[in-house]
Amino acid sequence: MDLLHSSGVELVQYLQLNYRDSQSWFTFISIAADLRNTFFVFFPIWFHLCEAVGIKLIWVAVIGDWLNLIFKWFLFGHRPYWWVHETKLYGNSSLPTLQQFPLTCETGPGSPSGHAMGSAGVWYVMVTAFLTFGLQKKCLHIVLWTVFCMIQVCVCTSRVFLAAHFPHQVFTGVLSGMVVAEVFGRINAIYNASFKRYLQITLFLFSFALGFYLLLKVLGIDLLWSLEKAQRWCARAEWVHINTTPFAGLVRNMGALFGLGLALNSPIYAESCKGKRGQQFSFRISCIVASLIVLHVFDSVKPPTQSEFLFYFLSFCKSATVPLAAAAFVPFCVSQLLNRQDTKKL
């Protein structure tokens, strides 16, 4: 592994030296590839254009990120920005110099890359959806898969440039994300699952992850070992954020899945999205615009970080509110507003 890691460090140095002027671009790519954009941007758009695609996006994002957490806890992968200080490979020679950035100091283990896995899974769903709409036009296949590959290359390069991941970690992340998306493309049960099933799956995923953590904790293995390394080797203490910890991602994902189940099985969703109004294109566009505005304002509200338990609890509630607002509350409000306008015209 030392040889694999050292060659990865060389690539990080090459990118940082030769593409230093592209720092803002790589930072933007990492921000855009964050899973929060799936919940706050892609989901409300796709849900009101094609409900099945929106539902699949949430499932792929949530299960993919949950699997990413489990993989990271199994693989104990290092990150470049702390590995260069921990390894004994370089002996008495000078350590490689890696530049750090505000997005470098993620606190979870590094393998596989969560950004690469999430981006690959989400974009795989969207590309295959576009191809379904475009039927079997060969030129469309070539264009869309070329775009897909370019996006993944940009995401992978960004994560390596920021010294957050080694090359092999982003590569395995992309492959894992595509596998998750392909599997969920064949599971039809997710489109008509009851709230009870959503609740059962949410509790199982959370209990499995927490139980696995506690079991190894009892056996003397601390799965949060990477947090100490991030705090020790990050260039600036303020770059280490609680929202990058493994449990922060876990509660966000569980909240999103719980909120989706609550929304799809609520009476206001059935009333607004499943009636005649839900078939109108103008209604769908209005819901998209309203959802994006509401969620943008809602996203500006950040949970306090003074208490870990309070932060995790409020993160769960915030994530649950996102699909609930986009799939139920906003369509219901838009529907009521349009009904009033129709009544006035009469």
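The values are calculated or read from the model by the stated rules, or taken from the named source; none is laboratory data. Computed from a predicted structure; not experimentally measured. A quick note on method: Cβ atoms are made from the backbone with ideal geometry, for glycine too, and the neighbour counts reach across all protein chains shown. Areas reflect the complete protein model, heavy atoms only, side chains present, ligands, DNA and RNA absent. Shrake-Rupley method; radii C 1.70, N 1.55, O 1.52, S 1.80 Å.
A few comments on the model shown:
- Restricting Phe204, Phe258, Phe247, Phe212 to those that are free of Cβ contacts under 8 Å to residues at least 60 places away in the same chain and not charged (D, E, K, R) reduces the list to Phe204.
- Candidate set: segment 24-52, residues that are β-branched (Val, Ile, Thr) and buried (at least 16 other Cβ atoms within 10 Å of the Cβ); chosen: the one farthest from Val170 (Cα to Cα): Ile45
- Hey, Pro331 in contact with a Leu (Cβ under 8 Å, 6 or more places away or on another chain) and either of a type outside the set (Asp, Glu) or touching a residue at least 40 places away in the same chain (Cβ under 8 Å) (or both) or not: no
- Among residues of segment 53-82, those that are under 30 Å from Lys276 (Cβ atoms) and open to solvent by less than 10 Å² (accessible area, probe 1.4 Å), counted: 4
- Scanning segment 267-323 for residues that are more than 28 Å from Asn192 (Cα to Cα), surrounded by 20 or more Cβ atoms within 10 Å (Cβ to Cβ) and among the polar types (S, T, N, Q) yields a total of 0.
- Residue count for segment 200-221, restricted to those that are among the aliphatic types (A, V, I, L, M), touching a helix residue (DSSP H, G or I) at 6+ places or on another chain (Cβ under 6 Å) and open to solvent by 70 Å² or more (accessible area, probe 1.4 Å): 0.
- Taking the criterion of being in a loop (DSSP other than H, G, I, E, B) and either open to solvent by 10 Å² or more (accessible area, probe 1.4 Å) or touching a strand residue (DSSP E or B) at 6+ places or on another chain (Cβ under 7 Å) (or both), no residue of segment 162-180 qualifies.
- Of the numbered criteria (1) surrounded by fewer than 22 Cβ atoms within 10 Å (Cβ to Cβ); (2) over 21 Å from Arg197 (Cα atoms), the one Pro331 fails is (1).
- A Cβ distance below 7 Å, combined with a sequence gap of six or more or placement on separate chains, defines the contacts here; from segment 54-73, residues that are farther than 14 Å from Phe206 by Cα reach residues that are part of a helix (DSSP H, G or I) and open to solvent by 20 Å² or more (accessible area, probe 1.4 Å) in the pairs Ile55/Tyr191; Lys56/Phe184; Leu57/Phe42; Trp59/Phe184; Val60/Phe184; Trp73/Phe212.
- Some residue of segment 183-199 being under 30 Å from Leu223 (Cα atoms), at pLDDT below 95 and open to solvent by 20 Å² or more (accessible area, probe 1.4 Å): yes
- The requirement of being among the aromatic types (Phe, Trp, Tyr), over 28 Å from Phe43 (Cβ atoms), touching a residue at least 60 places away in the same chain (Cβ under 8 Å) and open to solvent by less than 40 Å² (accessible area, probe 1.4 Å) is satisfied by Trp239.
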